[in-house]
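To start, the structure itself, in C-alpha cells.
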Amino acid sequence: MKDRNTWFLLMSTQNVPQASIIKGVLEENSIPVQLLNKLDSSYLIFGHIEIYVPLHLKDVAQHLLQQSLLN
C-alpha cells in the first residue's frame with residue numbers, strides 16, 4: 001500500500017511545451033501526473049521541470065512516454 005503514495009520521477013526537461021504534452025498524454029490514459037517546475041523565472045535556461053507519476057504506474061507511464069516520443 002505504501003507504493004500508492006509514492007511518486008516516481010519519470011523524466012526531467014527544460015522544455016515547457018514538451019512537459020505539458022507529456023502531462024496531457026499521461027492524463028488521457030488515466031495516469032495522475034505532478035509537474036514540479038524548478039525553472040528560474042528570470043532565466044529559463046536554468047533549472048528544469050520534473051514529471052512525476054505514481055510508482056505503481058511507472059511501467060505504464062514509461063511505455064506511454066516512449067510511444068509518444070517516437071511519434
Take segment 17-36 and flag every residue that is within 11 Å of the chain's Cα centre (by Cα) and assigned to a helix (DSSP H, G or I).
Gln18, Ala19, Ser20, Ile21, Ile22, Lys23, Gly24, Val25, Leu26, Glu27
How many residues does segment 22-55 contain that are β-branched (Val, Ile, Thr) and surrounded by fewer than 13 Cβ atoms within 10 Å (Cβ to Cβ)?
1
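In segment 36-53, how many are touching a strand residue (DSSP E or B) at 6+ places or on another chain (Cβ under 6 Å) and of a type outside the set (Phe, Trp, Tyr)?
Within segment 36-53, residues that are touching a strand residue (DSSP E or B) at 6+ places or on another chain (Cβ under 6 Å) and of a type outside the set (Phe, Trp, Tyr) number 7.
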Starting from residues that are part of a loop (DSSP other than H, G, I, E, B) and among the polar types (S, T, N, Q), keep the ones in segment 37-67 and report whichever is farthest from the chain's Cα centre (by Cα).
Ser42
State which residue pairs qualify: first residue free of Cβ contacts under 8 Å to residues at least 40 places away in the same chain and inside segment 47-58, second residue of a type in the set (S, T, N, Q) and part of a loop (DSSP other than H, G, I, E, B) in any location, beta carbons under 8 Å apart, and separation of 6 or more residues or different chains.
Gly47/Gln14; His48/Gln14; Ile49/Gln14; Ile49/Asn15
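All of the numbers you see were taken from the coordinates with simple rules; none came from a lab. If you're wondering where the values come from, they're calculated on a predicted model, not measured in any experiment. Here Cβ is always computed from backbone atoms with ideal geometry, including for glycine, and neighbour counts include all displayed protein chains.
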